[in-house]
1. Working with all protein chains in place, sort A:Val108, A:Val165 by solvent-accessible area computed with a 1.4 Å probe, largest first.
2. Each label point is 7 Å from the Cα along the Cα-to-Cβ direction; what then is the distance between the points at A:Trp261 and A:Ala175, in nm?
3. Can you find, among A:Trp144, A:His211, A:Val108, the residue farthest towards the positive end of the dipole of the stretch A:81-237? Put +1 on the C-beta of Lys and Arg, -1 on that of Asp and Glu.
4. Can you classify the stretch A:1-59 as rounded, prolate or oblate using the Cα gyration tensor, where a ≥ b ≥ c are the square roots of its eigenvalues, rounded means a/c under 1.5, and otherwise it's prolate if a/b beats b/c and oblate if not?
5. Roughly what would the spin-label model give for A:Thr209 and B:Arg162, points 7 Å off Cα along C-beta, in nm?
6. If packing is taken as the mean number of other Cβ atoms within 10 Å per residue, what is the order of A:263-274, B:36-47, highest first?
7. Most fluctuating residue of B:Gly102, B:Gly155, B:Gly74 in a GNM of chain B with Cα springs under 10 Å: which is it?
8. Within 10 Å, count the other beta carbons around each residue, average over each peptide in A:14-24, B:205-215, and list them highest first.
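The values are calculated or read from the model by the stated rules, or taken from the named source; none is laboratory data. What you are looking at is a predicted structure, and each value in this text was computed from that prediction instead of being measured. Here the Cβ positions follow ideal geometry from the backbone for every residue, glycine too, while neighbour counts run over all protein chains shown. The area values use the complete protein model at the heavy-atom level, side chains included, leaving out ligands, DNA and RNA. Shrake-Rupley method; radii C 1.70, N 1.55, O 1.52, S 1.80 Å.
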Amino acid sequence: MDFYFGLAQIIGVHTLLGLSAYIVLLTGQVSMAQAGFFAVGAYAAGMLTVLAGWAILPALAASSLLGAAVACAVGFPALRVKGLMLVIATLAFGEAVRLFFFNFDYQVARGGVKLGPLGGEGFRQIRYFPENGWTTMQVMLFIWIFVVLVMAILWWLDRSRYGAVLRAVGEDELAAQSVGINLTAVKVSAMTIGGAIAGLGGGIYAHYTTHIEHASFGILLATFALAYPILGGLGSVFGTVVAAIFVQGFLVEGLRFLGDWRNLLFGALIVLAMNLRPKGFLDAPTLRWIRRVFGGKRGAA
Amino acid sequence: MLDFIQSLSDGVLFGATYALIGIGFTLVFGVMHKLNLSYAAASVGGAYCGLLVLKVFAGAPPLAVFFCAFLAGGLLGYIVYLACFHFIPISNPLATLMATVGMLLLVDEVIVHQTDGMPLNYPALFDDVMLRAGEFTLRGDLLMVFVVSILCMAGLLALLYRTRLGLATRAVSQQAVAAQLCGIRVGQVNAMTFVITGLLGGIAGAMIGASVGTLSPLLTTPLTIKGLIVTVIGGLGSIPGAIVAGLLVGGFESVLQQYRGVTERDLYVMLLLFVFLVFRPGGLFAPKEGRD
């Protein structure tokens, strides 16, 4: 059973990562920096619980705030450039963060053991959960409480005026600007929210793996972050969850019996999925169909 | 001072390969207004295919390897076009972008799968030649890389500005709809662009293999990022920009490697990118604002 709880933990954290890219994608911006914010959150939360002795909740709050702050700081220069330039800028930023942690040493001796991040070797011994006697199931529930919370907030945001503004900017920047929407404010705020979610996800990730290193936050993770909302479709937050379950549950775990070939299939299946369903799994017609089936008359509109 | 000039010249010579990769990104962007993130991986893949010659004819000359890499790069470019661009509706840029990322992972994994992740030796020309001027030396293989890259760029510019295909390519990149109205087959031009950039990429990959001495799948990610940085610094869509920026980035990273070490080097290259984004977001040779 613990295996499935562990899998649910992974899916939960990856859903958070995907949601952080989702909100940025709503404004039509493609950010490859989410893995960078995720790394910032992971290292910050880990250092706070291990080195400063904080409890998990304040540490997660701090990592989330830090992620937001970094995202906001990156957003301003990066969003001066549009569209595809942003992909490049954020890709470079994500790599820069990874390289920063590759060169980052901050170790403190604690009871004969040196703790803290050590460059290429990474940051070991983030043992808050085991030390406090949390079971795998408790950790899993803890993670999913955050996932559900974040999804609820995003779902509500989507239906608010702010969500309409985000989608308006995503659909057509020029039209949005001409009705008086401040493009910079909208994009930077979406980026900041995305950074907060990624920082939170990173903080949780650091604690359930207990060992983080720079290599885990590379371009592959940034790709995953983008892949979930794009594969799932931007119509609804649930698409991201479906895609995270599909990728982590089926592509990564379910195909493990294929051994070496699994990694080969992974890339090929992304290519195939984008050719067959360019608007994502849950695209507008599918969503309408789901609403008709489950929502009765109300959803038919 | 001598160290500085030495590492600068080595870097600028090696930077020619960055310029080639940058041109590939920029050309596809110019014609299709889309980013092909799998380009650097496909280039390295082409270079790997070049090694197949050695498997079939043991002791084949390096030139045959380079030529095979060149052809394989073109073929891979066409495959990327079919897999990631041809069938996906043009109104859906996110899907194409994601598909090229999938392609990047796929090429990477095929290489790892075929070589067990071990770096392979790559043949080079003139690697025993050293030009000396006092303490200052020029490595023969780097010079060869530089000259081949420059020849490729000259060939590309001749193709773009002296042939009908080049005319059609430039027309599509200026205004795809208008070009179509003039009877240019846009789909064909797009496919040809991918083949041409693929050919360039194959050569670039082979040149990188030749100057480093080995090829490894670990090259693809840094190469993708360097190529993209070159594209931005040069100005998206500008070929002269990509050339200048490639040489600039090559020299810059080599000098910083000299003074700050290999692990920190790339951090400063990213910093250079952000300096450009803040102070000159259009790049060195920003194309004039279009009307559409």
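1. Largest accessible area first, the list is A:Val108, A:Val165.
2. 4.7
3. Positive-most Cα among the choices belongs to A:Val108.
4. Judged from the Cα gyration tensor, the stretch A:1-59 comes out oblate (a/c at least 1.5, b/c at or above a/b).
5. A separation of 5.3 nm, rounded to one decimal place.
6. Put in order of decreasing packing, that is B:36-47, A:263-274.
7. Evaluated over chain B, the most mobile residue of the options is B:Gly155.
8. Numbers: A:14-24: 29.8, B:205-215: 24.2.
Sorting A:14-24, B:205-215 by mean packing, highest first, produces A:14-24, B:205-215.
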